[in-house]
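The values are calculated or read from the model by the stated rules, or taken from the named source; none is laboratory data. Computed from a prediction, not measured in an experiment: that's the story for all the values here. Here the Cβ positions follow ideal geometry from the backbone for every residue, glycine too, while neighbour counts run over all protein chains shown.
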Amino acid sequence: MTTAADFTETELVVCAAAKMLARSNTVFAGIGLPTLAVDLAHRTLNPDIQLVYESGVAGAHPESMAEGIADSVVVSGAEAVVNMHALFGYVLQGGNVDVGFLGAAQIDRFGSLNTTVIGDWESPKVRLPGSGGAADIMANAGEVFVILRRHDPAALPSELDFVTSASPVRAAEHPDFIQPRGFGVSTVITPLGILRRKDRLGELELTHVHPGVTSEQVQEQTGWDLAISDDLSVTQEPTGEEVRLLRDEIDTVRLYLR
């Protein structure tokens with residue numbers, strides 16, 4: 001039997017992310033850990049949450065874990081399936097998405113994301129998939145949650161190697177840029193804690209540390225002088241039931257849990 005203390009770092013991050021979705025209605029989620037978090041939130045705290053995939057599926061009710069945005073399981077039982085022009089033009093750009101839930105390779109202090117290259121553009125260390133729908137989600141979702149598998153100065157650098165999805169702060173630096181309708185990144189969940197942005201043009205602030213982690217450790221692993229909340233809290237540990245759901249019902253093949 002799974003006990004409350006029997007959990008991995010990934011399970012801790014996913015459970016913490018799921019709790020942040022307790023009051024969200026419509027979530028535009030990327031594949032991977034964001035999907036696990038939305039599924040767990042649906043099963044535990046928010047049975048009315050609506051899941052949107054960029055392939056054109058709205059109100060998804062997958063019978064098993066999706067392995068990609070075009071996986072057939074995201075279509076079966078969905079509330080609606082439309083073409084991508086309609087999904088982005090009417091659902092997302094129409095202001096009908098509460099939370100965009102993304103992953104990223106890098107994030108800066110103001111919530112801009114890099115999912116394009118690590119290193120120099122001409123000769124990068126790693127080429128990544130690029131924006132996909134992330135730039136549109138950043139600009140148009142009510143707010144954006146980001147989940148990271150790493151928390152170190154390479155993942156949270158003082159300056160991104162490439163800006164794929166610009167935050168409202170980045171847009172405000174250029175008077176000719178159109179300000180996006182969305183708040184941008186409001187919440188970042190990492191293996192060390194949770195960072196929040198309270199001000200649309202403000203920076204990320206450490207609001208929660210995970211059990212056994214200190215704010216000093218988080219600062220050491222962050223590439224900028226990290227603001228720390230006066231009300232710093234400790235993240236709740238996953239319950240045995242949450243871990244059981246993740247392992248035995250959600251990601252049974254351990255595609256994302258590791």
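Evaluating Ile178 against the criteria (1) among the aliphatic types (A, V, I, L, M); (2) under 19 Å from the mean Cα position of the chain (by Cα); (3) part of a loop (DSSP other than H, G, I, E, B) leaves one unmet condition, (2). All conditions but one from (1) surrounded by 15 or more Cβ atoms within 10 Å (Cβ to Cβ); (2) in a strand (DSSP E or B); (3) not small (Gly, Ala, Ser) apply to Arg247; the one that does not is (2). Of the residues screened, Thr207 is one that is part of a strand (DSSP E or B), among the polar types (S, T, N, Q), closer than 19 Å to Val13 by Cβ and free of Cβ contacts under 8 Å to residues at least 60 places away in the same chain.
Matching residues to (1) among the hydrophobic types (A, V, I, L, M, F, W, C); (2) more than 14 Å from Asn140 (Cβ to Cβ):
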residue: Gly89; (1), (2): no, no
residue: Gly100; (1), (2): no, no
residue: Ala104; (1), (2): yes, yes
residue: Asp108; (1), (2): no, yes
residue: Gly111; (1), (2): no, yes
residue: Val117; (1), (2): yes, yes
residue: Trp121; (1), (2): yes, yes
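Here Gly32 clears all of (1) in contact with a Phe, Trp or Tyr (Cβ under 7 Å, 6 or more places away or on another chain); (2) on the phi < 0 side of the Ramachandran plot except the condition numbered (2).
Scanning region 203-218 for residues that are surrounded by 15 or more Cβ atoms within 10 Å (Cβ to Cβ) and either within 21 Å of the chain's Cα centre (by Cα) or within 19 Å of Ala17 (Cβ to Cβ) (or both) gives Glu203, Leu204, Glu205, Leu206, Thr207, His208, Val209, His210, Val213, Val218. Could you list all residues from region 108-126 that are within 19 Å of His151 (Cα to Cα), outside any strand (DSSP E or B) and among the hydrophobic types (A, V, I, L, M, F, W, C)? Listed by number, the list holds a single entry, Phe110.
Residues that are among the β-branched types (Val, Ile, Thr) and either surrounded by 19 or more Cβ atoms within 10 Å (Cβ to Cβ) or touching a residue at least 24 places away in the same chain (Cβ under 8 Å) (or both) were ranked within region 168-187; the one that is farthest from Leu204 (Cα to Cα) is Val169. When every residue of region 27-39 is checked against the conditions, none turns out to be at pLDDT 90 or above, within 18 Å of the chain's Cα centre (by Cα) and either assigned to a loop (DSSP other than H, G, I, E, B) or surrounded by fewer than 19 Cβ atoms within 10 Å (Cβ to Cβ) (or both). Filter region 5-25 down to the residues that are touching a helix residue (DSSP H, G or I) at 6+ places or on another chain (Cβ under 8 Å) and of a type in the set (S, T, N, Q), then identify the one that is modelled with the highest pLDDT. Among those that are touching a helix residue (DSSP H, G or I) at 6+ places or on another chain (Cβ under 8 Å) and of a type in the set (S, T, N, Q), it is Thr10.
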